[in-house]
Amino acid sequence: MEKNPNKKEIELNLKPAGSYIDSLSDFADLLGTIKQAENAARELLEETSQTHRVNTPPGKTGSNSPGAEGKSGVSAKTPNADCEGGNEAGDGIAGMPAVEPAADDNEDEPSLDELLEKLDALVGLGNIKQSVKSLINYVKIRKLREEKELPNPPLSLHMVFMGNPGTGKTTVARILSGLYRAMGVLNKGQLVEVDRSGLVAGYVGQTAIKTTEAVNSALGGILFIDEAYSLAPDVGGGNDFGREAIETLLKMMEDHRDDLIVIVAGYSAQMERFIESNPGLESRFNRYFVFEDYNSDELYDIFSSMCEKSEYMLTEDAAEFSRKHFKEIYDTRDENFGNARHVRNFFENIVAAHSDRVSALENHTRGDLTTVLSEDLAKAALM
């Protein structure tokens, strides 16, 4: 005969575990358990934080830190970018500013000489390097004149970067932000990257708010506006919200002229029309940097640097194939020429082709994993 369950057993079968507390004693036990869980969680967070601090070298925030060296220990040519996998600070959420953070106060900030060395390490860009150095000299002399109590003309460091994609505009902007911080022109030195979607909203009255937020995030540093010409797509007419963004930007540039630098970038012809679209733009942007297309030798140097950085070795045939490839694409380039972006895409295709070939081998050697053949490049060129 089955034993009749008592009332308490029936209730336990009907109630979810932990749903009821039958006495003050049970309640006290529950509080003790919760307290133990809180203490355990707190100790785990502290241990995790300590482990992170121990494993992170001082002054190192990633592979893009100034002065970073290749695996051989020798500082190599930097693959210019805008070709190092997109926005090095993180591409961010669509429509939101991408922030290249300034160095923390506790970190060793790169010196002016270190940043200039990083600029010199970039492939090509001879005219840009000279323009940047002339700008640095200009700022230096201004400071010396101030020390001698001599007057200085008004200073405007807002710039226009003109050139095709992949010519290093974003990379140079990052270096400039560090240079200006090192010289005391900017007190933070962060780079905030936006495009039209980061400034323009879809409803009346919201664009000014969105633009203001982007500018505020860049105070003490540089606001880099890529494809800035898209803010004024129909010069001379229309009711595009981009014009509201321009007007808001111009006002904030005036209000924060001592702690904000704005760089607008894009194709040369479109940027000329953009600057001419508003008298305020013409008066505030008086420094123009023209980024020329990389020639075939420079494209090869960028490609070679990428291979070296990732420890891929080209055979003689592969190296010759790549030189011919870059000469061909340079000689046949058009207004949509991708420069270093093409190099990055080509390199990624080579890695994929190499992986397909080597995966079919057995007993892989180090040479198999690092050697790139001309057939890998031929396959990559067709992808």
Inset, instruction - Could you tell me which GluC sites (Glu not before Pro) in region 136-244 are loop residues by DSSP with no more than 10 other beta carbons within 10 angstrom of their beta carbon? - result: Glu149
Inset, instruction - Enumerate the amide H contacts of Tyr288 below 5 Å, restricted to partners 5 or more residues apart or on another chain; note that Pro and chain-start residues carry no placed amide H. - result: Val160
Legend entry - Translational D in µm²/s for region 296-381 (Stokes-Einstein at 20 °C, 1.002 mPa s, Kirkwood Rh from C-alpha pairs): 162 µm²/s
Inset, instruction - Classify region 140-233 as rounded, prolate or oblate from the Cα gyration tensor: take a ≥ b ≥ c as the square roots of its eigenvalues, call it rounded if a/c is under 1.5, otherwise prolate when a/b beats b/c and oblate if not. - result: prolate
Inset, instruction - Return the inverse of the average 1/r over all pairs of distinct C-alpha atoms in region 227-383, which is the Kirkwood hydrodynamic radius, in Å to one decimal. - result: 19.0 Å
Inset, instruction - Give the long-range amide H neighbours of Phe224: residues separated by 5 or more places, or on another chain, with amide H under 5 Å away, using H modelled in the peptide plane at 1.01 Å from N. - result: Val192, Glu193, Val194, Ile263
Inset, instruction - Quick one: dipole size for region 98-291, taken about the Cα centre, charges +1 on Lys/Arg Cβ and -1 on Asp/Glu Cβ, in debye to the nearest 20. - result: 560 debye
Inset, instruction - List the relative contact order of region 170-295 as a percent without decimals, with contacts defined as Cα pairs under 8 Å and 6+ residues apart. - result: 24 percent
Inset, instruction - Mind sorting Met183, Met383, Met306 by how few other Cβ atoms lie within 10 Å of their own Cβ, fewest first? - result: Met383, Met183, Met306
Legend entry - Likely footprinting exposure, Leu377, Leu361, fewest C-beta neighbours within 10 Å first: Leu361, Leu377
Legend entry - Cα-based Rg / Dmax (Å) for region 98-291: 16.7, 52
Legend entry - Neighbour-count order for Leu144, Leu199, Leu115, fewest beta carbons within 10 angstrom listed first: Leu144, Leu115, Leu199
Inset, instruction - Using the structure shown, list the pairs from Lys129/Lys210; Lys169/Lys324; Lys210/Lys251; Lys324/Lys379; Lys118/Lys324; Lys309/Lys379 with a Cα-Cα distance above 24 Å, or answer none. - result: Lys129/Lys210; Lys169/Lys324; Lys118/Lys324
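All of the numbers you see were taken from the coordinates with simple rules; none came from a lab. Model, not experiment: these values are computed from the prediction. Ideal geometry is used to build each Cβ from the backbone, glycine not excepted, and the neighbour counts take in all protein chains shown.
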